[in-house]
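Report on the structure given below.
Please treat every number below as a calculation from the coordinates, not as lab data. These numbers come from a predicted model, not from an experiment.
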Amino acid sequence: MEHLSACVYRGKRSKDSCSVTVDGEPLDPRHQVRAVPMAEFEWGYKGGGPGRLAFAILAHHFGDSGKALVSYKNFRDNVIAELVGEEWALDSTQIDSFLKGAITVSMTLEELLKKVRGRSS
């Protein structure tokens, strides 16, 4: 998966909030995209804040919000939820490595089973 340029994303938790930068500049949370939970950046669990962070990182990484919408939940669950501690850093190479190994499914298991069962009957 191609991205615009090599970047380093850094997160830092303070007493009151979490801040995330990309190459030293604040990462745009892209609040105009309503299909993603309206929450402040967070990490270390699966939820709204980590979802917003995963989406924002991927939208920046791809330079495309549409591409980010397809895979942000998988990225949240397998990368952002696994970040621990008060500070972390991810670079474009690490993100690409995860994305190359990730499989994104466009439906839930229940939807897939219904589809398969519907064809076999």
Expected unfolding gain across ARG34-ASP91 under the 0.36 nm per residue rule, minus the alpha-carbon gap, is 17.9 nm
Filtered pair list for the chain (Lys only, Cα < 22 Å, 8 or more apart or interchain) has a length of 8
